[in-house]
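Student: The structure's right below; bear with me while I get my questions together.
The values are calculated or read from the model by the stated rules, or taken from the named source; none is laboratory data. In this text the structure is predicted, and so the values were computed from the model without any measurement. Ideal geometry is used to build each Cβ from the backbone, glycine not excepted, and the neighbour counts take in all protein chains shown.
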Amino acid sequence: MKPSLPKGVRDFTPQQITKRNYIFETIKKVFIKYGYQPIETPVMENLSTLTGKYGEEGDRLLFKILNNGDYLSKANKAALEKLNSNALTSSISKRGLRYDLTVPFARFVVQHQNDITFPFKRYQIQPVWRADRPQKGRYQEFYQCDVDVVGSDSLMYEAELVQIYDEVFSNLNLPVIIKVNNRKVLAGMAEVAGIADKMIDMTMAIDKLDKIGIEGVRGEMQKRGISNEAISTIEQILEITKLSPLKEAFINSEIGTKGVEELEQFHQYFDLKTPTNEVVFDVTLARGLNYYTGCIFEVKAKGVKMGSIGGGGRYDDLTGMFGLKNVSGVGVSFGAERIYDVLEELEGFPKEDTSALKVLLTAFDADSHLYGFSCLNWLRAAGINADLYPTPSKMNKQLKYANTRNVPFVVIIGKNEMDTGQLSVKNMNTGEQQSMTIEDLIQFLS
RNA sequence: GUAGUUGUAGCUCAGCUGGUUAGAGCGCCGGAUUGUGGUUCCGGAGGCCGCGGGUUCAAAUCCCGUCUUCUACCCCA
């Protein structure tokens, strides 16, 4: 049988894991510094927890898990006969793989509401699954790094989360542009244009502005049944780039005004410190997920053709679906896979691998191999990453192995070394070789 | 879900309008070099040509289906 993998998923080599961990560690360090605590949730959730939270498209992309046992005996026979997959699904699948980390987190908060104190600040770094067609920067299994805080509507957290974005990408030496908008501004826009009921259609259209241009957006809105009059109102607002004129445009829209005020307050906090990266207000930022209600964020890498590498926003009533009302949350997500791809393209990964092997011991015969193993114990006891070639064999072969392991130092042990206690230590970069005792070697490598 | 694209040695890929035994580079193994790597030279192993069906005297090559790869759309990190 030829080994293979399902589409959209990947193995990771040690080299790749090292790089991925570099991203995860950098992110995690910032999360912890800002006072967030880790949680984990299971890879599978009840399908009822997941469905209906991500819109129609999201439901289609959910991975469903077939029930165990004789699932057909309990299947919806009518749906089966009519070959109606949608109706059949709920009768043969009660579980699914999580689609993101936010909804499971909402469930977690409701279920553990008595064990946690609000505001609750958590971070979560785990894989999620989407049955999407794979393409550039898009996989069916990928990691998300989420930070959220629930139980407070303070705009301080919006500012804090954007600071986290700024700090993480600055630590990764990855220049980004962080876009900020507010769902209420979009709602105000729809209201002013007299199409409050078509807000979703409007936002989906203007979200594509930088891809299809203003003409494309116009066509898209027409296609979605928005009148030309409304479109021209929307276009006028889209040209606004500052908050104060926007506020004037929303003089007759309570929700739009509220949105601008929230953005103003966000800036009061955020402007107290100068960010490293570019942080801009962008009315055209819409973001797909339907549960956002306040500020929304999106991060794009500069100088690389890649979709967004992070996004998030405030959601006022996510836990309401699970029966806990009036708990506001705000959070952002880092797309680790895309950050990886961008860093790879920009050659932004650090050269040195501190976790790698420091020294490889080699031996010529059975006696020196045993002797080498005891040296190995000493080195490891001293906390030095060390290894011994598994069999005494030709030096040629052992040194070639050392090359592929990319080891900076090799210790060569034979009869001479055992007799004198002076180990031969070879620098694999320069080829230089010197003799020293095991104590000196430990000192040397520490 | 729609459209295009890809699949040949471990990896990257050649292989013409169908025609004997399917190639190259890199990697791997062995040797030159029995206590010294990266360079060089010599030798060797390794292939259901993605899978299934069809056309044909004859298919890696043409046709159909299917899976996979990458890409665009949709949507999204």
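Student: Could we say that A:Ser73 is surrounded by fewer than 15 Cβ atoms within 10 Å (Cβ to Cβ) and either in a helix (DSSP H, G or I) or in contact (Cβ under 8 Å) with a residue 40 or more places away in the chain (or both) here?
Tutor: The answer is yes for A:Ser73.
Condition check ((1) among the hydroxyl-bearing types (Ser, Thr, Tyr); (2) farther than 24 Å from A:Asp341 by Cα) across all residues:
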position: A:Gln15; (1), (2): no, no
position: A:Lys19; (1), (2): no, no
position: A:Thr51; (1), (2): yes, yes
position: A:Ile65; (1), (2): no, yes
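Student: Determine if the stretch A:362-385 includes at least one residue that is within 13 Å of RNA strand B (Cβ to nearest atom) and closer than 27 Å to A:Asn21 by Cα.
Tutor: no
Student: Within the stretch A:261-290, can you find the residues that are touching a residue at least 24 places away in the same chain (Cβ under 8 Å), among the charged types (D, E, K, R) and surrounded by 14 or more Cβ atoms within 10 Å (Cβ to Cβ)?
Tutor: A:Glu262, A:Asp282, A:Arg287 - these are the residues of the stretch A:261-290 that are touching a residue at least 24 places away in the same chain (Cβ under 8 Å), among the charged types (D, E, K, R) and surrounded by 14 or more Cβ atoms within 10 Å (Cβ to Cβ).
Student: Can you tell me which of (1) at pLDDT below 85; (2) within 26 Å of A:Gln135 (Cα to Cα); (3) exposed (fewer than 12 other Cβ atoms within 10 Å of the Cβ) is the one A:Lys7 doesn't meet?
Tutor: (1)
Student: Within the stretch A:126-136, how many residues turn out to be near RNA strand B (Cβ under 6 Å from one of its atoms) and outside any strand (DSSP E or B)?
Tutor: Final tally of qualifying residues: 5.
Student: If I filter the stretch A:206-216 for residues that are assigned by TED's automatic domain parsing to the domain that holds A:Glu298, closer than 30 Å to A:Ile27 by Cα, modelled with pLDDT under 90 and part of a helix (DSSP H, G or I), do I get at least one hit?
Tutor: So far as the stretch A:206-216 goes, yes, one or more of its residues are assigned by TED's automatic domain parsing to the domain that holds A:Glu298, closer than 30 Å to A:Ile27 by Cα, modelled with pLDDT under 90 and part of a helix (DSSP H, G or I).
Student: Just to be sure I understand, how many residues within the stretch A:299-346 are more than 19 Å from A:Tyr36 (Cβ to Cβ) and not β-branched (Val, Ile, Thr)? Step through it out loud before you land on a result.
Tutor: Initially, the stretch A:299-346 is screened for residues more than 19 Å from A:Tyr36 (Cβ to Cβ), giving A:300-309, A:316-317, A:320-326, A:337-338, A:340-346.
After this cut, where a residue has to be not β-branched (Val, Ile, Thr) as well, the list is A:300-303, A:305-308, A:316-317, A:320-326, A:337-338, A:340-341, A:343-346.
Count: 25.
Student: Please enumerate the residues belonging to the stretch A:5-35 that are in a loop (DSSP other than H, G, I, E, B), within 16 Å of RNA strand B (Cβ to nearest atom) and touching a residue at least 40 places away in the same chain (Cβ under 8 Å).
Tutor: A:Pro6, A:Lys7, A:Gly8, A:Val9, A:Arg10
Student: Quick one: would you say A:Gly96 is of a type outside the set (D, E, K, R), touching a residue at least 60 places away in the same chain (Cβ under 8 Å) and not in a helix (DSSP H, G or I)?
Tutor: Taking the combined requirement at face value, the residue does not satisfy it.
Student: Out of everything in the stretch A:36-68 that is under 22 Å from the mean Cα position of the chain (by Cα) and acidic (Asp, Glu), what residue ends up being nearest to RNA strand B (Cβ to nearest atom)?
Tutor: Ranking the qualifying residues of the stretch A:36-68, first place goes to A:Glu57.
Student: Strands (runs of 3 or more DSSP E) wholly in the stretch A:343-446 with at least 2 residues that are of a type outside the set (Val, Ile, Thr) - which ones?
Tutor: Ranges flagged: A:359-363, A:386-388, A:423-427, A:433-436.
Student: Here's a follow-up. Starting from the stretch A:194-205, take each residue that is touching a residue at least 40 places away in the same chain (Cβ under 8 Å) and outside the structural domain of A:Asn290 (by TED's automatic domain parsing) and list its partners that are part of a helix (DSSP H, G or I) and within 14 Å of RNA strand B (Cβ to nearest atom), counting only C-beta distances under 8 angstrom and pairs at least six apart or across chains.
Tutor: Within 8 Å, no pair qualifies.
Student: Test A:Leu441 against the criterion of being at pLDDT 90 or above, within 8 Å of RNA strand B (Cβ to nearest atom) and within 44 Å of the chain's Cα centre (by Cα), and give yes or no.
Tutor: It is false that A:Leu441 is at pLDDT 90 or above, within 8 Å of RNA strand B (Cβ to nearest atom) and within 44 Å of the chain's Cα centre (by Cα).
Student: OK, next. Do we find that A:Val330 is in a strand (DSSP E or B) and either closer than 23 Å to A:Ala106 by Cα or touching a helix residue (DSSP H, G or I) at 6+ places or on another chain (Cβ under 8 Å) (or both) in this structure?
Tutor: Yes: the conditions hold for A:Val330.
Student: Something else: What number goes with the only condition from (1) exposed (fewer than 15 other Cβ atoms within 10 Å of the Cβ); (2) near RNA strand B (Cβ under 9 Å from one of its atoms) that A:Asn326 does not pass?
Tutor: (2)
Student: Any idea which of A:Leu83, A:Leu88 is at positive phi and either among the basic types (Lys, Arg) or not assigned by TED's automatic domain parsing to the domain that holds A:Thr274 (or both)?
Tutor: A:Leu83
Student: Could I ask something else about it? Restricting to the stretch A:278-289, and then to whatever is part of a loop (DSSP other than H, G, I, E, B) and over 22 Å from A:Arg122 (Cβ atoms), can you tell me which residue is farthest from RNA strand B (Cβ to nearest atom)? Can you show your working first?
Tutor: The first filter runs over the stretch A:278-289 and keeps only residues part of a loop (DSSP other than H, G, I, E, B), leaving A:282-289.
Filter once more, so that each one left must be over 22 Å from A:Arg122 (Cβ atoms): A:282-286, A:288.
Details: A:Asp282: 15, A:Val283: 17, A:Thr284: 13, A:Leu285: 11, A:Ala286: 8, A:Gly288: 2 Å.
Ranking the qualifying residues of the stretch A:278-289, first place goes to A:Val283.
Student: Looking only at the stretch A:386-408, count every residue that is more than 10 Å from RNA strand B (Cβ to nearest atom) and either of a type outside the set (Ser, Thr, Tyr) or over 21 Å from A:Ile442 (Cβ atoms) (or both) and tell me the total.
Tutor: The qualifying residues number 6.
Student: Look at A:Glu40 and say whether it is of a type outside the set (Val, Ile, Thr), out of contact with any Gly (no Cβ under 9 Å at 6 or more places or on another chain) and modelled with pLDDT of 85 or more. Break it down stepwise before answering.
Tutor: Details: of a type outside the set (Val, Ile, Thr): yes; out of contact with any Gly (no Cβ under 9 Å at 6 or more places or on another chain): yes; modelled with pLDDT of 85 or more: yes.
In short, yes.
Student: Look through the stretch A:302-320, keep the residues that are touching a helix residue (DSSP H, G or I) at 6+ places or on another chain (Cβ under 8 Å), near RNA strand B (Cβ under 10 Å from one of its atoms) and at pLDDT 90 or above, and return whichever of them is nearest to A:Gly188 (Cα to Cα).
Tutor: That would be A:Gly313.
Student: Could you check A:Pro350 against (1) within 25 Å of A:Ile177 (Cβ to Cβ); (2) buried (at least 16 other Cβ atoms within 10 Å of the Cβ) and say which number it fails?
Tutor: Only one criterion is unmet by A:Pro350, namely (2).
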